[in-house]
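Written out below as structure tokens is the structure these notes cover.
The values are calculated or read from the model by the stated rules, or taken from the named source; none is laboratory data. Values in this document were obtained by computation on a predicted structure and should not be read as measured data. Heads up, the Cβs are rebuilt from the backbone with ideal geometry, glycines too, and the neighbour counts pull from every protein chain shown. For accessibility, only protein heavy atoms count, side chains too; no ligands or nucleic acids. Shrake-Rupley method; radii C 1.70, N 1.55, O 1.52, S 1.80 Å.
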Amino acid sequence: MAAEAARESHFEDYVVRTRKLTRIYQMGDTVLRALDGVDLDIKRGEYISIMGPSGSGKSTLFNMVGGLDKPTEGTVFINETDMAQLDAAELAWIRCRTVGYIFQTFNLIPVMTALENITLPMVFAGMSTDEQLQRGRALLERVGLGDRLHHRPSELSGGQQQRVAIARALANDPDIILADEPTANLDLRTGKEIIELLREMNEERGVTVISATHDLHMIDISDRIVWVRDGAIEKIEDRASIELTVGQVDWEEESGQAEESE
Ligand SMILES: Nc1ncnc2c1ncn2[C@@H]1O[C@H](COP(=O)(O)OP(=O)(O)OP(=O)(O)O)[C@@H](O)[C@H]1O
Ligand SMILES: [Mg+2]
């Protein structure tokens, strides 16, 4: 009995696992291995940063994990479910309920207010109107936009739009937030605020955050950093080694290198 429980809790520890994950793009005669056999285990509640040069495969990895694109070879498990075994309706359910997405360009719906943008995923999830409004308001308040409920994206700053996007990603209480370069279009200070907010959400709600980034400020708040290069994992650093890297980053920042990606 105890052994069985231990085995179950072992399995439940992983919210994402990839095995030999490979995505090949064929462009005419050229074959590009954008992802090449990636094995990655992510524990529930972790804050993971995926770092690597432009073109290294970060967004490709995201699209596979988020069920937005299919691997050429290999497997993605979300909560131990093999994504390839799901039919269209089950996949749509995971995209709506299990994963929240945050993009570099915010991707809010321009004609909708902040509150409407946040309640839209709740509509898809079949939540009652009362609950949508109550939850939507609470989320906007939590991200510091309680006084911007009825503003449209064009009436909000970039940082505010990204806060709305964070609230929207949390709309259906997902297990995972996938954030693809969430600070790339923000100034340094606003970017830091967004990173801190993501970390707070991770700690308060236990939501696993997986963030692709060039932003070296992500380093010191992450539980682990996955460095990718040419579609493969180059190394994985955990907290202890991250502290060393932060020292280097401070130096790079002083010499004006921190904002450069490659
Ligand atoms: N739809 C596609 N068709 C063909 N090649 C693609 C496609 N999408 C991505 N690639 C290629 O796959 C490789 C990985 O791209 P990807 O977008 O994952 O990189 P990235 O690490 O996210 O880069 P960046 O930091 O610039 O966002 C690149 O060489 C890219 O040109
Ligand atoms: Mg990318």
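General remarks:
- Of every Cα-Cα pair in the stretch 12-140, the percent that sits beyond 24 Å: 41 percent
- Ranked packing of 58-66, 104-112, 216-224, most packed first, by mean Cβ within 10 Å: 58-66, 216-224, 104-112
- Computed in the context of the full set of protein chains, the accessible area of the chain at 1.4 Å probe radius has 49% of its extent on carbon or sulfur.
- Sparse packing (at most 15 other Cβ atoms within 10 Å of the Cβ) combined with a DSSP loop state is found for the following GluC sites (Glu not before Pro) in the stretch 75-155: Glu80.
- Hits among lysines - C-alpha to C-alpha of Lys70 under 17 Å, sequence gap 8 or more where chains match: Lys20, Lys58
- Ranking Leu140, Leu188 by solvent-accessible area of protein heavy atoms (1.4 Å probe, all protein chains present), from largest to smallest, gives Leu188, Leu140.
- Taking packing as the residue-averaged number of other Cβ atoms within 10 angstrom, the listed peptides 120-127, 206-213 run from highest to lowest as 206-213, 120-127.
- Estimated 222 nm signal from helices in the chain, with DSSP H stretches of n ≥ 4 weighted -39500 (n - 2.57), rounded to 500: -12000 deg cm²/dmol
- Built amide H within the under 5 Å cut-off of Val228, gap 5+: Met51, Gly52, Glu234
- Solvent-accessible area per residue, Å², over the chain with all protein chains present [probe radius 1.4 Å]: 50 Å²
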